[in-house]
Amino acid sequence: MNRTSWVEGAAGSGFDVDHLPYGVFARSGERPRVAVRIGDQVLDLSVVAAADMVDTHALFDQPTLNPFMAAGPAVWESTRAWVTGLLTDQTERDLVEPALAPVDSVTMLLPFSVGDYVDFYASEHHASNVGRMFRPDSEPLLPNWKNLPVGYHGRSGTVVVSGTDVVRPCGQRVSTGSTDGSVPTPTYGPSQRLDIEAELGFVVGVPSALGDRVPTADFARHTFGVVGLNDWSARDIQAWEYVPLGPFLGKSFATSISAWVTPLAALDAAWTELPGQDDPEVLDYLRVDGPAGLDIEVEVVLDGEVVARPPYRTMYWSPAQMLAHTTVNGASLRTGDLWGSGTVSGPERDQRGSLLELSWGGKEPFTVAGRERTFLEDGDEVTLRYSAPGTGGGRISLGEVTGRILPAR
């Protein structure tokens with residue numbers, strides 16, 4: 001695609017017609033509706049679809065993307081082609097311009113109603129770093145890590161849209177004090193090791209039936225698009241609770257996602273080969289044909305300063321493999337199901353996607369605004385930025401994810 005939009009400022013913005021992410025917006029006194037972003041403008045699809053007498057116009061006069069996502073790939077493709085035509089054909093300008101509004105003049109809402117939320121652990125570099133920190137006398141990776149994508153079920157009700165403040169969670173934390181000096185005892189209070197996890201999220205459009213499996217080859221038939229995702233983590237609460245059943249309160253208090261959902265079609269130029277899965281070879285149901293990784297760059301911004309640049313292309317497990325593994329036991333998919341990649345980390349120190357890794361468990365502080373830091377402090381603001389190769393030859397900018405830490409209640 002070498003067309004650009006007639007909308008002023010769209011060309012070169014990361015939100016030209018080779019992107020066209022979807023979201024849900026509202027203005028004071030009006031009901032939420034579905035929009036597409038073009039440059040720094042939101043296009044109200046419900047208005048232009050009704051005016052243009054598009055058969056699917058009812059899908060856009062909705063408070064969530066779920067009805068549109070459930071409509072399936074043929075509708076996704078035809079809608080993208082229709083919107084692209086509207087925004088590149090000057091003769092459509094009179095129809096479209098009244099439905100445009102500056103993005104900073106509207107309120108962006110959670111773009112879809114979240115069904116189930118599953119978070120994975122798909123970065124070999126992240127998993128190895130964590131293993132070295134917490135099991136220094138053992139192999140960094142547990143024996144099953146390269147045989148299956150490790151994941152856990154999160155809490156969909158605490159998935160929030162970018163811009164939502166995050167209250168510092170409270171819970172049980174490990175204390176080394178005890179009557180005999182050796183047995184850990186818990187104390188209760190606000191987390192002192194609050195962290196981020198820079199991730200990518202994938203959103204289910206077309207559901208599947210209970211008992212059916214979704215093969216890796218059907219990834220694009222069921223997956224609507226991609227969001228930026230920050231899985232906030234209370235490391236001290238997590239460390240005490242996770243044995244033997246895994247994360248719970250240390251993860252379930254908040255997960256932030258971007259307000260904009262990038263459709264898979266916008267990432268056609270971003271697919272890349274996985275780093276390699278030949279030792280050991282994966283089981284048949286996890287095999288993928290062709291490029292299955294994504295060349296997406298992530299920036300972690302703490303209080304206005306970039307502290308890390310994790311590359312998603314280094315991830316060991318692909319999104320198609322994560323989806324296949326989620327359903328291999330017959331678990332069904334629902335429209336709006338969300339799965340996260342787990343922390344994105346690369347091989348270098350400045351590519352680590354969590355403060356746990358950047359500070360090496362709090363032992364090696366890093367510098368922000370001239371002072372040493374480890375974990376999050378009240379008032380901190382974190383923004384995750386994403387970019388990927390676009391089909392027009394430049395780069396697209398996926399939706400940002402921002403959250404500010406408020407004191408514990």
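The values are calculated or read from the model by the stated rules, or taken from the named source; none is laboratory data. In this text the structure is predicted, and so the values were computed from the model without any measurement. As a convention, Cβ positions derive from the backbone with ideal geometry for all residues, glycine included, and neighbour counts pool all protein chains shown. What goes into the accessible areas is simple: the full protein's heavy atoms, side chains included, and nothing from ligands, DNA or RNA. Shrake-Rupley method; radii C 1.70, N 1.55, O 1.52, S 1.80 Å.
Between T187, T326, T262, find the one with the highest GNM mean-square fluctuation for the chain; connect C-alpha pairs within less than 10 Å. With Cα springs under 10 Å in the chain, the top fluctuation among T187, T326, T262 is at T187. Computed over protein heavy atoms with a 1.4 Å probe, the accessible surface of the stretch 206-261 works out to 39 Å² per residue. Per residue, how large is the accessible surface of the stretch 300-393? Use a 1.4 angstrom probe and give square angstrom. Heavy-atom accessible area per residue stands at 34 Å². Can you tell me the orientation of helix 73-88 relative to the chain, as the angle in degrees between its alpha-carbon axis and the longest Cα principal axis, to the nearest 10? The helix 73-88 is inclined about 60 degrees to the chain. Per residue, the stretch 4-140 exposes 43 Å² of accessible surface when a 1.4 Å probe is rolled over the protein heavy atoms with every protein chain present.
Mean residue ellipticity at 222 nm, helices only, the chain: -4000 deg cm²/dmol; runs of at least 4 DSSP H residues each add -39,500 (n - 2.57), and the sum is divided by the number of residues. Distance between the 7 Å Cα→Cβ label points at R287 and A81: 3.4 nm. For the stretch 23-36, 3J(HN,Hα) computed residue by residue from phi via the Karplus equation (6.51, -1.76, 1.60; θ = phi - 60°) reads x, 10, 10, 8, 10, 3, x, 10, 7, x, 8, 7, 9, 10 Hz, glycine and proline entered as x.
If I model a spin label as a point 7 Å beyond the Cα along the Cα-Cβ vector, how far apart are those points for R155 and D104 in nm? Distance between the two pseudo-spin positions: 3.5 nm. Amide H to amide H, with H built 1.01 Å from N, E348 comes under 5 Å of no residue 5 or more places away or on another chain. Between Q90, Q62, Q238, which gets the highest mean-square fluctuation from a Gaussian network model of the chain, Cα cutoff 10 Å? Sorting by GNM fluctuation, first place goes to Q90.
Scanning the chain for GluC sites (Glu not before Pro) that sit in a DSSP loop and have at most 16 other Cβ atoms within 10 Å, the longest stretch containing none of them is 31-272.
To put it simply, the accessible area of the stretch 8-152 at a 1.4 Å probe is 52 percent carbon and sulfur. Hey, how many Å between the Cα centroid of the stretch 1-39 and the Cα centroid of the stretch 257-280? Here the two parts' Cα centres lie 22 Å apart.
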